[in-house]
Structures are given as C-alpha cells and as structure tokens.
Amino acid sequence: MTVSPLAAWRDRLAALAPVLDVAEVPFRSQLTVRVSDPDALAAAGSALGVPFPSAACTFTSGTGPFGDAEVLWLGPDEFLVTASPGLQVTIEEVLRGALGTAGGSVVDTSAQRTTVVLQGPLVRQVLAHGCSVDLHPSSAPVGTCVQTLLARTGIVLQVTGEDRCTILVRSSFAEYFAAWLADACTEYLAVA
Amino acid sequence: MTFRTPTGGSIDRNTLLHFTFNGRPYTGHPGDTLASALLAHGVHQIGSSVKLGRPRGIVAAGSEDPTSLVQVEAPFSEPMLLATTVELYDGLVARGLAGQGRLSPEPDPARYDAKHEHCDVLVVGAGPAGLVAALTAARSGARVVLVDEQNQAGGALLGVDEYLDDRPSAEWVADVVAELKSTPGVLVLERTTAFGMYQDGFVLALQKRTDHLGFAAPASVARQRVWRIRTRQTVLATGAHERPVAFADNDRPGIMLASSARTFLHRYGVLPGSRAVVFTTDDSAYCAAIDLAESGVDIALVTDARPEPPARLAAECAARGIEVRAGHVVAGTDGDRRVTGARIAPLAATSPDLTVDCDTVLVSGGWNPVVSLFSQARGKLRYDAELGAFVPGEELPTVRVAGSATGELDLGACARQGRDAGAQAAAAAGFTPGGQVPLPVSDSRCTARSGLVLWRVPGDDDASFVDLQRDSTVADVLRATGAGLRSLEHVKRYTTIGTAHDQGKTSGMIAAGIVAEELGVELAEQRPTTFRPPFTSVSFAALAGRDRGELHDPVRVTSIHPWHVAHGALFEDVGQWKRPWYYPRDGEDLHTAVLRECKATRESVGMMDGSTLGKIDVQGRDAGKFLDMLYTNMMSTLKVGRIRYGVMCGVDGMVIDDGTVIRVGEERYLVTTTTGNAAKILDWMEEWLQTEWPHLDVHCTSVTEHWATIPLVGPRSRDVLAAVAPSLDVSNEAFEFMTWREAEVAGVPARVCRISFSGELAYEINVTAWHGIAVWEALMAAGEKYGITPYGTETMHVLRAEKGYPIIGQETDATVTPQDLGMSWAVSKKKPDFIGKRSFARAENNRTDRKQLVGLLPVDPAVLLPEGSQIVETDRLPEPPVRMLGHVTSSYPSAALGRTFALALVRSGHERIGETLYVPVEDSLVPVTVTESVLYDKEGARRDG
C-alpha cells in the first residue's frame, strides 16, 4: 500500500475551490538527470520522445514510448524527467543507456517530491503572496519552469496553462506547502 | 464648543461616529482622522512628553507629526500610532501616550500578509507630480504601480482649496485616478506607504487594508500587507513636509504647522482654534492665514521674519483686517495645557515687545523635500541654501524624483516634472510614449517663492524644542557641539534627535542647521544623516505576515509521521524536522520511557524512523576519487555491495559530518549525512565539484526524501526481518555486517543495509517514502511476538553513547578532529590528499593536551551529570580563574550499564583514563572516573546477534 505526502490533505485542498482547484497528482515517475554533453542530451530526448529543454527556466512536454512525459530544466546541467506512475525503473534504465559514455547521472527521485496541480483564474495572484518570481504572463508564459521559494519552502513551479500551474514540492515540506496555500486562499475564499 | 466648519471637507457629515479618547466620549465623521475629530472638539492636548512630562498636542496633519502618539485600546490594543494617521471609526478607544506605548500581551487576532508585485514603473506618491507621472507611464503601456500613503489620492491638493483647470482639484484627481484604474497593467494602492527602498529596484510598502474599518474589519481579510515590489524604474513624488522653527516654549498644544492647519480646514472642515498668531518665514503661511480667516478664525497677527513681506499677500491680509508685522518672530509662548499667548519680538532683538493673546500659533519655516527613499536608494543629497533643505543631488539610473520632493514649490512645475519623469521612466523601461497628459493649471493665490531660512529664534534654549518627541532642545544641540561633536551623525546620536517614530521629519533639518551655525560651517559641507527604512513605523506583525503559528517555520515530517502521532510519540525538533523523541506509555516520563525502550532494544528488538538522515546519490566515473577527497578514509576501495563508515573534515581538519557510504555500483555510491547537515553537505560537495574539481565526472543528487529509512535493531531483529523478507537470506554468513542487499520487504522493493548505530545486530531498511508507513506497520506486526518497541531519538542517543559513538554537533563543535574523537583509524595514512589532511600535520593538532573524547562514570552511579557541565581537576575549587579541563557532551542513565554515564571532551583525555576528575554541579563537586568512550560491549560481540 502506498501513501502520498498529501493524502491526508485531499479534502482540505479540494475545499479551496472555487478560488483554486488544487489536487495532488501522486506517485509520478520522476528522474533527476545530470548531464551537459549536448549529444547525450539529444540522445536522452530521443529515448524519451521529448526533447530536453535548451532554454533556461523552461520545460518541454510530449508523448513518447513512456506516454506523456515532461522534462524540466532545473539548472545548467540538471533536469527532471516526469511521467506517469510506475515507469521510473524502466525510464532510468533507458536514460542511462542513452547517456552512454558521456558521463552524467540518472537518479530515481520519484518520491523526493510530490506533484500538485493548481488551476483557476487566481492562481498567479495566490502564488504571488509567497513567490518572488514575476508570474505575469508576459514574464512567465506557459512553458516556464523555475526553482524558487514559495514562502519558506523550495518548490519547482511549472506554468502549464494560462491559469494553471504545477508545483513540485519536497515530500517533507508538502504539508507546510498545503497549509500555506490554504491560508493564502482564505481571503479569496471569503469573497468568492 | 465646536471647531467644525458648517460646510466643507471630505467628510461624511451625515454619519456620526462615536469614539472615546482619554476616557471621554466624542463624535466625529467618516473621513476624519482621530486628530481631526479631536480638534473639532477643541481637544489639542494628546499626551505628554517622554522625559519632561510637558503637555503635547498635534503639530502636523500627517505622518510627519512628531507628537500625537496614541495607544489604541479597542478593537485591539496597539501602541505608538499617530492620531493624525489613525482613520476614525465607530467604537474607537484611544488614549494619549507619554512617548511610550504598551504592547498587548494578547495575540493579535488580525491576519497579516505579504504580496510580491513586479512592475516597469513604480510611482511613489499620488500628489500632482505622482499622478501625472503614473498616468504618463501608464499611457505608454508600462506595468505601473502607484502607491500613496493617504486614503485618497491628491497629496498636497487634499489640504488646499485650489481649482485646477477651473474646477475643484478633487475632480481632476478623480479623473486621473479613474483612468489609471481602468488601464490594464496599472495597480493603484491607497493607504500604502513605501517605507523602504533597496538595491535593484526592490521597494517595500505597507498597505493598511482594514485598519480604518475598526470593529467592522472582516476577520478573513489581512489587516495589513507588506508589498514586496520589484520595479525597473521608480519615480519618487514624495512631496515635502513643512518645517517648523525652534523658539522658546514652541511645544505647547495649539502650536502647529501652518499648512497642516490649512489641511485640517480643507480636508476635514476643522478649525485649529479661535484666535491665531501666524509665524512665518515664507509665503505659504499667508494662504493658511487667509483661508482660516475666511473660515472664521481671528488671525490676531502675522509675524513674518523677513524684513519685507510679500506685497500682494500682505495686501490681501490687510484687506481682511489682518495685521502683518515684518521682521518679527514669535519668541516665546504662554500657556499650560494649551497656548494662551504669543510673545512677539523683532528678529534681532533679545526681548519681546508685546504678547498677543491667542489659542493657536501657526508656524511655517519653509519646506523640507521628502528625500528619505531617494537617500535610501543611495542617492546623494545636496544642500539647497535657498530652501534651507537637502534636495536630491544627483541623477540615478533607475530612480527619478519629481514634484516638491525636488524642492520645487510651484504646482505647474511639479506636474511638468512628473510628466517628464514618468515619460523618462517608461522609456528607460523600454516603452514608447502614449498620449501626452495635459498639465493642470492652478488658480492658487500663493506664489512660489522661497523664504528666509531660519532655524531658531534666540531665547530660552532649554525650552526651545528641536525634536518634540525626544524632548531634545536647542540647548542639547549646543551641548553636543560644545562637547566637540561636528558630524551630524554624532550629534544625532548624542541628542537622540531624529530617532523617534517620526525619524526626524520635522526636526532633523533644524538640528543640522543649528549645528552648522554653531560650528560656523556651510551646511553644504555637512553630510546629512543617513535615511534608513522604515520611513514610517511598521509593526512586527505586518513584517511577519502569515509566517506565524504553524507557518512560522516549515515543519518537516517523514512519511511515517502520522503513525508516530497516532501512537503518542512526543517530538523533538531537529532542524525543521519533527522526530519522535520517545513514545511514553501511560504514566511514563522521559526517563522511564527511555529506559524501557533501551532495554527492549538491547534485549529483544526495537525500531525507529531514521528517514530524516541525509542521503546523497553520488554517480560518475570519478565518484570514488571524489569521495576519497571528501572523507578522511578511503572509499574508492570499497567493494560493490559493501558499506563503510566515514568522517568528513573541513579544510581546517575539524570534523564536519559523518555517515556511511554504500557502494551501489561500480560508478555509484549512496552517502548518508547527519539529519541536520543534509543540505550543507550537498552544498559542500557541489562547491568542490564546481569550483575546484570541475574536471571530475561526478554528479550528486539528494535523495533524502525519496527513501523512508527504518533501523530495525536488537538481537531479534534478524527474526523479524526474516518474517517480512522471506526471500532474503538473513544469516550472518550470507548477509554480513556492513553489507547491503536488495530484497523485498513486506512485499516492497527495499535496500537493506547491515549498519548499527547501537552495537546491536541491526538492519536499516530503505523503501520509497510512499511505502514507508506500510513497511513500518508490517515490521510492527511481525515483531509483535518479540515485543518490538518503537523508539525515538532519545533512546537512539543513549544506545549510541553507550557504545561511544559521537554525534556530530553534540560531541563536536568545529574544534574537534577525528583523532580527538579516538578515530585515528578512520584517517587514511595512504591517501596522497583529502580535505583536512594538511591540517593534521600542524603542531596544534598534535598537542597531547587537546580535548579528547572519553567516557565519565560518576563515582555515585545514581548521579546524572548535566550536559554542558565543566570538568575540573581538583576536589576543591581553587580561587578563580579555575582551569577547565573540558565539558560533558552527553549524559544519560543507562539500562544496560545499570547506572549513569557520560561522554565528555577532556584535555589530555586519552591519557587520563582511570583518573578521578570533578564536575561542579550546583554547590558540589561530583567525582567522576575517566574511562574509554566505549562503555558497553567493548568486544563488539553483539553486532552479529
């Protein structure tokens, strides 16, 4: 039996509607890939069916042999590959094979962070209470991916739609994140 | 008697608000401040002064007021608010302060928050210059934020009755604000004070969102919000504050700034008194005098320090029967709780030539541009001798100043500056101008003209107040210069002028002027005191925002945490983690619970949640080489499938962390760190890889939270593991100490390590965090017949201490080497280099009298030494200074030893084994025997079960 970090928060997060539709998407396959060799990056992208992002602070997405997958830029040589649950062992093998002799590393970090999807017209407003990154569409268009702080926890923030974001938060900080989010929604809920 | 005018002011006269001040009931109207409502009832005295107890009133109409400090008692007790900035609401209860308020002992029930905002152009101040600047920038398409501390835009226009473009100025203001608010990308923040300006366009602003609603404030709405604004360009249109003049007894209630009296009249429909004397050095006070006279105040006299009064304004006064006396000043006042008379003297004379009865004295000594934010932004200030004030003295690449903040006094010119600054700021942010904003034309009768710069009137220096809040006088300034102080910064600290809530808004310039006069130097040569945030007071509650209560600091929990809570664990904070401390059963205290947990573990089986251990995946061709450099011992020789304990040192050779290294594959290791150091060690690794050894093919990835880690400990641990991992050969031969195996545990893929932090047979079971609680419960079930006992950090500490295992950060403090810990065996003699190696050759590291880790056994086996106790050599304390040999680092009662014991760092400890030393505990010296640090199972017989 598996338990996700925010399992106990499901109802409390759902209660943030209609301000925000918030749902944990648990047990996603996540692999941290560290590599800088361009050929290895290209090979890894081909193996996944999703090219690795070339621009800083962005993510790519697509469909390949492992279904829908995303590659998040986390640093100059650091990426996070995410896909549906249960694929982490296979993807780890395939990516390591793709890196070949180029060096680099592939690590299963699936349970390191949990995934939370936030949707609603106020999503950027609510996050702006704790996130210092400019989330205005002109500055953070769909496809943006940043590692930053939300209040006092580190997060990875993906802008996945006009009013939709995906947050990856370390498992041990997930409850803090949820509590913060609920508190930040209080005022909007009162007028909603 | 009422001092409310029959008409006028932006107050809602149809609504009556009831409030209480100093225990007496009063009424006012929406739109009033506490100050204006009190003045409407003729109440001038607010409180008394902090040192001298002199009655003090209301000097100004806004946030520059030095005196009207009140404590609001209801709805929630809050100290040190200004009556001039507290918006009136029904039910307000307040009382005047004598310079000091009282923090409520009750928690503040209000919510506070923060919000980040980004813009191209930030405009501070919504007076004429700021409004035009903001609108100009907005029309270019820039993202604009306009902040203003008042509850409505208009700035100085709020305090006058000017017409702009032949209509009331409020209409012009309303039009501009309406256009701003309807322009996409523009944010207008009222009741918002930009209080701090920092590098790179970072500005903090405090918005008072529901303060003015009093009891009606919705509980769900954050009362105040700190806006954290990041802007590319800033226009500061912060205006100017009227400056008083210091004269004898200038602090009595009823003495206020002339323009502030004018503001009370036009904005609130309130008269300052019945009969006023005006004391001015420039033109602007004439407008106040004329407006007040037309509203029914008897202007007894206008004294103008200048030899020639302005002809047109003097004529207007004459037409209204107001006497103007040029070359004269107010040299003193009479009165007690309220001014009753003004002593008039020629500027040059030493004694007054008449006293004029009055209940109000209106003072104007010129204008101080508000340059606080400009100065905070590191802008240089320049002394303008004509204004008698510091003005912005340079252009900054991203900060522009417009309006009276530059020293400009004419409205048309101020608006033009605003338009230019707005356009330039927008252009600098990459926007092309939109439609030009027409400049408003004023009908003001007050011509813009600088006056005479006058800091003080000769007289009783001990009663001539410079900083009314600090009770600091001209005499204090003279004492400072007399003592040889020349720097304004030093004078400020010596006199405390400018250090109160108002940060010297009305006093700083006068103090500077008097210092320069006394020293006979030009003010232009003087460096003004540094302006620092906050511009106005900001409460700690606002700064804390929502970071309080459960959100004060993140509480990190493991995947098994809910089980610990459900089973009554008490928790210990380890960094941000909550770790089970111990699991008390009915009636147990820490002591008995831990003895039980220790006994059960040593005699049968126990387990704990070790998930907080830092875990770092180290991969790459050079991983072994890299770890050889990080650890004092050799890691590259470790065989796949095996585990080694390792110590890490800093470059100074002092221990910084320890843990185990698991060789997962040829090019892959898993490193564990102490709970508190997980992030620090990952940073440490990255720092070396990125700065010193970029050529190494190694990558480090934190997997701390990917894994749940469960140490299963005790002689029956093998039986429990065998029950849940049937496919794993758990025999000692097949699964040796310090090796690891992949296995299914409770049906879940796991990595099982034979590692022991207690000396007992033990297995560390690692599964993904998602499976943590299920595997934990399976182990509990399988161990039930052996009385499996969950234990917490306290038992872990006792078990490891009995074996002499140090805890980094408890036994060590950044001055302890591996050798001091008795771990020379963990320091490689073969490796050519590793971090810290060089330091081990230092003479200091090889002294035999270093503090070394030893065990201590109190001679009385029941005595528990307090951790941190000092250790001395003799059974009697000599005269101080007493030579300290070291200190107790860990101390516990031990079930296994049947007595208490301790670990300690002791000078020459290794040589002292067998000696008796003494530990001062309260009034006695407790004798202890020094032993080796390993106290239990020295042979290691229990390791294999």
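The values are calculated or read from the model by the stated rules, or taken from the named source; none is laboratory data. Here the structure is a predicted model, which means the values were calculated and not measured. Counting neighbours? That spans all protein chains shown, and the Cβs are built from the backbone with ideal geometry, glycine included.
Scanning the stretch B:798-823 for residues that are in a loop (DSSP other than H, G, I, E, B) and basic (K, R) yields one hit, B:K803. Of all the listed residues (B:A345, B:A349, B:A326), the sole one being touching a residue at least 40 places away in the same chain (Cβ under 8 Å) and closer than 20 Å to B:E308 by Cβ is B:A345. Report whether or not A:L16 is within 14 Å of another protein chain (Cβ to nearest Cβ), among the aliphatic types (A, V, I, L, M), over 19 Å from the mean Cα position of the chain (by Cα) and buried (at least 22 other Cβ atoms within 10 Å of the Cβ). Answer is yes for this residue. Taken over the stretch B:532-573, residues that are out of contact with any strand residue (DSSP E or B) (no Cβ under 9 Å at 6 or more places or on another chain) and away from chain A (no Cβ under 14 Å) amount to 2.
Yes or no: B:E760 surrounded by 23 or more Cβ atoms within 10 Å (Cβ to Cβ), within 10 Å of another protein chain (Cβ to nearest Cβ) and part of a loop (DSSP other than H, G, I, E, B)? For B:E760, the condition - surrounded by 23 or more Cβ atoms within 10 Å (Cβ to Cβ), within 10 Å of another protein chain (Cβ to nearest Cβ) and part of a loop (DSSP other than H, G, I, E, B) - is not met.
Residue by residue, here is whether (1) more than 18 Å from the chain's Cα centre (by Cα); (2) touching a residue at least 40 places away in the same chain (Cβ under 8 Å) holds:
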residue	(1), (2)
A:M1	yes, no
A:R12	yes, yes
A:V25	no, yes
A:R28	no, yes
A:D37	yes, yes
A:C57	no, yes
A:G64	yes, no
A:A69	no, no
A:P76	no, yes
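Listed by first and then second residue, the pairs with beta-carbon distance under 6 Å, at least 6 apart or on different chains, first residue in the stretch B:213-233 and more than 9 Å from chain A (Cβ to nearest Cβ), second part of a loop (DSSP other than H, G, I, E, B) and among the β-branched types (V, I, T), are B:A217/B:T210; B:R223/B:T210; B:Q233/B:T398.
For every residue, the table says whether it meets (1) modelled with pLDDT of 95 or more; (2) buried (at least 21 other Cβ atoms within 10 Å of the Cβ); (3) part of a helix (DSSP H, G or I); (4) within 14 Å of chain B (Cβ to nearest Cβ).
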| position | (1), (2), (3), (4) |
| --- | --- |
| A:A111 | yes, yes, no, yes |
| A:L118 | yes, yes, no, no |
| A:H136 | yes, no, no, yes |
| A:T148 | yes, no, no, yes |
| A:S172 | yes, yes, yes, yes |
| A:F177 | yes, yes, yes, yes |
| A:L181 | yes, yes, yes, yes |
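Look at the stretch B:876-893: where a residue is at pLDDT below 95 and a partner is aromatic (F, W, Y), sitting 6+ places away or on another chain with Cβ atoms under 9 Å, you get B:R876/B:Y918; B:L877/B:Y918.
Hey, could you check the stretch B:680-703 for residues that are aliphatic (A, V, I, L, M) and at the interface with another protein chain (Cβ under 10 Å from one of its Cβ atoms) and say which is surrounded by the fewest Cβ atoms within 10 Å (Cβ to Cβ)? Taking the candidates together, the pick is B:L696. Does B:T795 count as of a type in the set (S, T, Y) and not in a helix (DSSP H, G or I)? Here the answer is no, as B:T795 does not meet what is asked. Looking at B:S375, B:S404, B:S444, which is the one that is in contact with a Cys (Cβ under 8 Å, 6 or more places away or on another chain) and surrounded by fewer than 21 Cβ atoms within 10 Å (Cβ to Cβ)? Step by step, each of B:S375, B:S404, B:S444 is checked, and only B:S444 is in contact with a Cys (Cβ under 8 Å, 6 or more places away or on another chain) and surrounded by fewer than 21 Cβ atoms within 10 Å (Cβ to Cβ).
Restricted to strands (runs of 3 or more DSSP E) entirely inside the stretch B:581-672, no element has at least 2 residues that are under 25 Å from A:V35 (Cα atoms), touching a strand residue (DSSP E or B) at 6+ places or on another chain (Cβ under 8 Å) and at pLDDT below 95.
Every condition in (1) closer than 25 Å to B:V453 by Cβ; (2) part of a helix (DSSP H, G or I) is met by B:R419 except one, and the failing one is (1).
Residues checked against (1) at pLDDT 95 or above; (2) farther than 22 Å from B:V605 by Cβ; (3) out of contact with any Asp or Glu (no Cβ under 8 Å at 6 or more places or on another chain):
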site: B:M685; (1), (2), (3): yes, yes, yes
site: B:T691; (1), (2), (3): yes, yes, yes
site: B:P715; (1), (2), (3): yes, no, no
site: B:A722; (1), (2), (3): yes, no, yes
site: B:T739; (1), (2), (3): yes, no, yes
site: B:V752; (1), (2), (3): yes, no, no
site: B:T768; (1), (2), (3): yes, yes, yes
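Residue check: B:E242 meets all listed conditions (1) surrounded by fewer than 19 Cβ atoms within 10 Å (Cβ to Cβ); (2) of a type in the set (D, E); (3) in contact (Cβ under 8 Å) with a residue 12 or more places away in the chain but one, namely (1). Restricting B:S104, B:S68, B:S10 to residues that are polar (S, T, N, Q) and touching a residue at least 60 places away in the same chain (Cβ under 8 Å) narrows the list to B:S10. Only one entry in B:G141, B:G185 is small (G, A, S) and in contact with a strand residue (DSSP E or B) (Cβ under 8 Å, 6 or more places away or on another chain), namely B:G185.
Okay, residues lined up against (1) part of a loop (DSSP other than H, G, I, E, B); (2) under 26 Å from B:T601 (Cβ atoms):
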{"residue": "B:G855", "(1), (2)": "no, yes"}
{"residue": "B:G868", "(1), (2)": "yes, no"}
{"residue": "B:H887", "(1), (2)": "no, no"}
{"residue": "B:F901", "(1), (2)": "no, yes"}
{"residue": "B:G914", "(1), (2)": "yes, no"}
{"residue": "B:P927", "(1), (2)": "no, no"}
{"residue": "B:D937", "(1), (2)": "yes, yes"}
{"residue": "B:R942", "(1), (2)": "yes, yes"}
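B:A153 satisfies every condition listed in (1) more than 18 Å from B:A138 (Cβ to Cβ); (2) assigned to a loop (DSSP other than H, G, I, E, B) except (1).
Has the stretch B:135-145 got at least one residue that is in contact (Cβ under 8 Å) with a residue 24 or more places away in the chain, under 30 Å from B:F540 (Cβ atoms) and outside any helix (DSSP H, G or I)? Looking for residues that are in contact (Cβ under 8 Å) with a residue 24 or more places away in the chain, under 30 Å from B:F540 (Cβ atoms) and outside any helix (DSSP H, G or I), one finds at least one in the stretch B:135-145, hence yes. Test B:R312 against the stated conditions and say whether it is charged (D, E, K, R), crowded, with 22+ Cβ neighbours inside 10 Å and not in a strand (DSSP E or B). Taking the combined requirement at face value, the residue does not satisfy it. Is it the case, given these coordinates, that B:T558 is in contact with a Gly (Cβ under 9 Å, 6 or more places away or on another chain), of a type in the set (S, T, Y), surrounded by 14 or more Cβ atoms within 10 Å (Cβ to Cβ) and without any contact (Cβ under 8 Å) to a residue 60 or more places away in the chain? The answer is no for B:T558.
For the stretch B:720-752, a residue qualifies if it is surrounded by fewer than 19 Cβ atoms within 10 Å (Cβ to Cβ) and either among the acidic types (D, E) or within 14 Å of chain A (Cβ to nearest Cβ) (or both), and the qualifying residues are B:D729, B:E733, B:E736, B:E742, B:E744, B:G747, B:P749, B:R751.
Among all positions in the stretch B:663-671, there is at least one residue which is more than 23 Å from B:Y805 (Cβ to Cβ) and either among the acidic types (D, E) or under 33 Å from the mean Cα position of the chain (by Cα) (or both).
Which one is farthest from A:C131 (Cα to Cα), of the residues in the stretch A:183-192 that are part of a helix (DSSP H, G or I) and among the small types (G, A, S)? That would be A:A190. Limited to the stretch B:735-757, what total is found for residues that are in a strand (DSSP E or B) and over 16 Å from B:V661 (Cβ atoms)? Of the residues in the stretch B:735-757, 9 are in a strand (DSSP E or B) and over 16 Å from B:V661 (Cβ atoms).
Of the residues making up the stretch A:85-109, those that are under 25 Å from B:S611 (Cα atoms) and outside any strand (DSSP E or B) are A:P85, A:G86, A:L87, A:Q88, A:V89, A:E92, A:T109.
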